[in-house]
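The values are calculated or read from the model by the stated rules, or taken from the named source; none is laboratory data. Treat the numbers as computed from the prediction; the structure is a model and nothing was measured. Every residue, glycine as well, gets a Cβ built from its backbone with ideal geometry; the counts of neighbours run over all protein chains shown.
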Amino acid sequence: MKYKGWLLPPALRDFHEGRIWLREHSPIAEQDLNQAIERNYFNIIEGIQQTPHLKCNRCHNDNPQQFTTFDCSKCRQLCVYCRHCLAMGRVSSCTQLVVWRGPRAIRPTRHLLAWTGQFTELQQQATDEMLESVKVKRSHLVHAVCGAGKTELLFPVVHFALQEGLRVCIATPRTDVVLELFPRFHKVFPRTTIHALYGGAPQQQGYAQLIMATTHQLYRFEQAFDVMIVDEADAFPYIFDETLKRAVHKAKTAEAPILFVTATPSQKLLNQYQNSSYSFIPKRYHNHPLPVPRYSSLWGYEKKLKKGVIPLKLKKWTEDRLTQKEPFLIFLPKVELVDIAVSIFQALHSDILAVHAEDPERKEKVLKLRNEEIPGLLTTTILERGITIKNVQVAVVGAESSIYTSSALIQIAGRVGRNIAFADGDVVFFHHGITVEMDEARAKIQYNNKIGFSL
Amino acid sequence: MNKKETHCLLCAQLLQSEPSWKTLLTKQFPPCICKKCASRFEHAPSPTALYQYNDAMKDYLHQYKFLQDVALAKVFRQELQDQFKHEKSPIIPIPMHPLKQKERTFSHMEELLKAAKIPYIQLLEKTTAETQSSKNREERLQTASLFQLLPSVTVAYKEYVLFDDIQTTGTTLRHATEILLQAGAKNVRSFTLING
């Protein structure tokens, strides 16, 4: 005899648990979704909340400028929609959001941590402190210099949380970082279902107890995570966008701790997290000091570049790198300067390439530099963090520009000397005048070296 | 829809509007996209279209029609108004199939005209919910009539202007023109936002 009732498809539960999703965009068959709604497995929420003030119930945007009212042909009245999270599928007054409240997905508690690396004393201390915080559900800030081995620090904490049956999210403001972290975690946690979520990510099967996502993707979660890890918390656009911050809080359960991991915490974060909820690693894993940037004046570099001439000092620096066969990164403050400069630099060496944020071949070009197929790259700040290239040397042209904040400069300087075989390197700030931010960046690096080597 | 934009509708940059005698003394719409975004659109050389299809236009159509960002109807309101303000013949936007319109929640052609404050009339209705973009050139040229007259409308012996978003093979406009001419129109001109 055939069973005539309706059984909850596990895929439905696995997908919807923890998510706040547009009803009509569910990847689940409509029939099953309707059955589940009929059985009260979902909370149904209106897309836009009108009272007490306009608010998008998905991204929690409440800036009236970011809403548009129009004559809707579907509900035949005036409809409001949110432009802030439009790219994830439009949320309007007449759309419904669904939040799972049915039975919870099965969370395996057996997870394998396949990592055999060794922690330094400082790393060990930081993970222990972090673990302690997670156990008592206390938020925590890990302040670790560039190249301290921040990702490895997370392994024991994530492993502990997974074995406790907790759902973990590692959120970062940049897609590049998600793409870099995902394969590493996949290797270290071979038995765990991990999903990587970013704009344009493919559909992934099953219930992921560990999710790596861009902070943008957190709009689509609600009270989902028991441990929230925010990597590179200071990176653009997280610092600028208040709604992204709210998204982090919305995506986790009320009592879930947030772990911030960064090399350049803001003063606010430093004030907020002290004593037992603060870990500091002032030294790199390979026990060598951080390269300290040096200043070199490059007056009127912009004019010269626009005239098609490489300023003498910069030319000399680049030629030195080419003759010594050291890979190099040259940071430029504007996309238009990158476009102008690339052809002039190619006169020095025809393989020098340029990257910027909208470059579809960004990943390939960075890979080429890593594989020593090209001698160097010209770039905007897009490569300021998250990339590791053996023996790379760095020049920041126009270090006085306002986009180079002290944390951006620290991150850029942090690209150099990450490999144990090449623990030192040149970081030069070519400038048209010295700014407070430049001094602050250098002072912070020197301070970390001082602390790190006086312990 | 009538609120003043403070940020570019396309790239969300803060708009810096410089008041000029022209904007103060004439009825110009305030800008709603930034200069950088505006410069990405390419004007069409033909007199029957405003723009040439390019990457910027592709992104625009994607956001406007596929992501249903109705606010983008305002982007071309000044250009459309300049084009149509001295138009004496009635303007007919190409209609959408009612089911399609319900799905998209708005008629993109009508919204463009509404945003530019241009009066229009409707005499036609779409008979099929199929889209032209899903067909290849041969299939498009062979399609049976896409439109019919709305019930109980009369077509006068005068000139009409059809308005569509994009012209590729011209099938849509040809079908609509034929229906109107058969019903007794004197002449039918067509105008598109984009030259495909």
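I'd like to check which strands (runs of 3 or more DSSP E) are fully inside region A:201-272 and have at least 2 residues that are touching a Phe, Trp or Tyr at 6+ places or on another chain (Cβ under 6 Å), surrounded by 20 or more Cβ atoms within 10 Å (Cβ to Cβ) and in contact (Cβ under 8 Å) with a residue 40 or more places away in the chain.
Here the list reads A:210-214.
Answer yes or no as to whether A:LEU97 is surrounded by 17 or more Cβ atoms within 10 Å (Cβ to Cβ) and within 12 Å of another protein chain (Cβ to nearest Cβ).
Values: surrounded by 17 or more Cβ atoms within 10 Å (Cβ to Cβ): yes; within 12 Å of another protein chain (Cβ to nearest Cβ): no.
The answer is no for A:LEU97.
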B:HIS62 being out of contact with any His (no Cβ under 6 Å at 6 or more places or on another chain), closer than 24 Å to B:LEU149 by Cα and within 14 Å of chain A (Cβ to nearest Cβ): no
- prompt: Would you pick out the residues in region A:352-370 that are at pLDDT 90 or above and either assigned by TED's automatic domain parsing to the domain that holds A:ASP176 or loosely packed, with under 14 Cβ neighbours inside 10 Å (or both)?
  reply: none
- request: May I ask you to verify whether A:ILE28 is more than 14 Å from every other protein chain (Cβ to nearest Cβ), over 25 Å from B:PRO98 (Cβ atoms) and modelled with pLDDT under 95?
  value: yes
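Hey, could you check region B:147-196 for residues that are in a helix (DSSP H, G or I), touching a strand residue (DSSP E or B) at 6+ places or on another chain (Cβ under 7 Å) and of a type outside the set (Val, Ile, Thr) and say which is surrounded by the most Cβ atoms within 10 Å (Cβ to Cβ)?
First, pick out the residues of region B:147-196 that are in a helix (DSSP H, G or I): B:171-182.
Right, trim to touching a strand residue (DSSP E or B) at 6+ places or on another chain (Cβ under 7 Å) and you get B:172-173, B:175-177, B:179-181.
If we keep only those that are of a type outside the set (Val, Ile, Thr) too, we end up with B:173, B:175-176, B:180-181.
On the way: B:LEU173: 20, B:HIS175: 20, B:ALA176: 24, B:LEU180: 21, B:LEU181: 14.
Among those that are in a helix (DSSP H, G or I), touching a strand residue (DSSP E or B) at 6+ places or on another chain (Cβ under 7 Å) and of a type outside the set (Val, Ile, Thr), it is B:ALA176.
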message: I'd like the full set of residues that are of a type in the set (Asp, Glu) and within 14 Å of chain A (Cβ to nearest Cβ), limited to region B:77-96.
response: none
task: Name every residue in region A:365-394 that is touching a Lys or Arg at 6+ places or on another chain (Cβ under 6 Å) and not β-branched (Val, Ile, Thr), in order of residue number.
output: A:GLN393
message: Yes or no: region A:410-422 includes at least one residue that is assigned by TED's automatic domain parsing to the domain that holds A:ARG442, part of a loop (DSSP other than H, G, I, E, B), at negative phi and surrounded by fewer than 22 Cβ atoms within 10 Å (Cβ to Cβ).
response: yes
- request: Quick one: which residue in A:ARG39, A:ARG76 is within 30 Å of A:ALA105 (Cβ to Cβ) and not polar (S, T, N, Q)?
  value: A:ARG39
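In this structure, does B:LEU9 turn out to be at pLDDT 95 or above, more than 22 Å from B:THR169 (Cβ to Cβ) and either surrounded by 14 or more Cβ atoms within 10 Å (Cβ to Cβ) or away from chain A (no Cβ under 14 Å) (or both)? Spell out the reasoning first.
Details: at pLDDT 95 or above: no; more than 22 Å from B:THR169 (Cβ to Cβ): yes; either surrounded by 14 or more Cβ atoms within 10 Å (Cβ to Cβ) or away from chain A (no Cβ under 14 Å) (or both): yes.
Considered against the rule, which asks whether it is at pLDDT 95 or above, more than 22 Å from B:THR169 (Cβ to Cβ) and either surrounded by 14 or more Cβ atoms within 10 Å (Cβ to Cβ) or away from chain A (no Cβ under 14 Å) (or both), B:LEU9 comes out as no.
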field: Considering residues of region A:64-86 that are within 26 Å of the chain's Cα centre (by Cα) and facing chain B (nearest Cβ under 10 Å) only, the residue nearest to A:LEU33 (Cα to Cα)
entry: A:LEU86
- prompt: Could you list, in sequence order, the residues of region A:428-437 that are over 24 Å from the mean Cα position of the chain (by Cα) and under 20 Å from A:ILE330 (Cα atoms)?
  reply: A:VAL428, A:PHE429, A:PHE430, A:HIS431, A:HIS432, A:GLY433, A:ILE434, A:THR435
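Here is a list: B:LEU99, B:LEU113. Which entry is in a helix (DSSP H, G or I), modelled with pLDDT of 80 or more, within 14 Å of chain A (Cβ to nearest Cβ) and under 19 Å from B:GLN63 (Cα atoms)? I'd like the intermediate steps shown before the answer.
On the way: B:LEU99 fails: under 19 Å from B:GLN63 (Cα atoms).
Only one candidate passes the filter, namely B:LEU113.
Just checking, which of A:LEU8, A:LEU22 is within 14 Å of chain B (Cβ to nearest Cβ), at negative phi and touching a Gly at 6+ places or on another chain (Cβ under 8 Å)?
Details: A:LEU8 fails: within 14 Å of chain B (Cβ to nearest Cβ).
None of the other options fit; the residue is A:LEU22.
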task: Please indicate, with yes or no, whether at least one residue in region B:25-39 is within 14 Å of chain A (Cβ to nearest Cβ), surrounded by 12 or more Cβ atoms within 10 Å (Cβ to Cβ) and of a type in the set (D, E, K, R).
output: no
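Condition first: under 19 Å from the mean Cα position of the chain (by Cα), more than 16 Å from A:GLY149 (Cα to Cα) and either of a type outside the set (Ser, Thr, Tyr) or not assigned by TED's automatic domain parsing to the domain that holds A:HIS431 (or both). Can you find one or more residues in region A:279-299 that meet it? Show your work before the answer.
Let us first name the residues in region A:279-299 that are under 19 Å from the mean Cα position of the chain (by Cα), namely none.
No, there is no match, as no residue in region A:279-299 is under 19 Å from the mean Cα position of the chain (by Cα), more than 16 Å from A:GLY149 (Cα to Cα) and either of a type outside the set (Ser, Thr, Tyr) or not assigned by TED's automatic domain parsing to the domain that holds A:HIS431 (or both).
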- request: Would you mention how many residues in region B:14-24 are surrounded by fewer than 14 Cβ atoms within 10 Å (Cβ to Cβ) and within 13 Å of another protein chain (Cβ to nearest Cβ)?
  value: 1
task: Determine if region B:130-141 includes at least one residue that is among the β-branched types (Val, Ile, Thr), within 17 Å of B:GLY170 (Cβ to Cβ), more than 14 Å from chain A (Cβ to nearest Cβ) and not in a helix (DSSP H, G or I).
output: yes
task: For A:GLY89, work out the one condition from (1) at the interface with chain B (Cβ under 9 Å from one of its Cβ atoms); (2) exposed (fewer than 13 other Cβ atoms within 10 Å of the Cβ); (3) of a type outside the set (Asp, Glu); (4) closer than 24 Å to A:PHE225 by Cα it doesn't fulfil.
output: (2)
message: Please verify whether A:ARG83 is basic (Lys, Arg) and either in contact (Cβ under 8 Å) with a residue 60 or more places away in the chain or assigned by TED's automatic domain parsing to the domain that holds A:THR192 (or both), treating the condition exactly as stated.
response: no
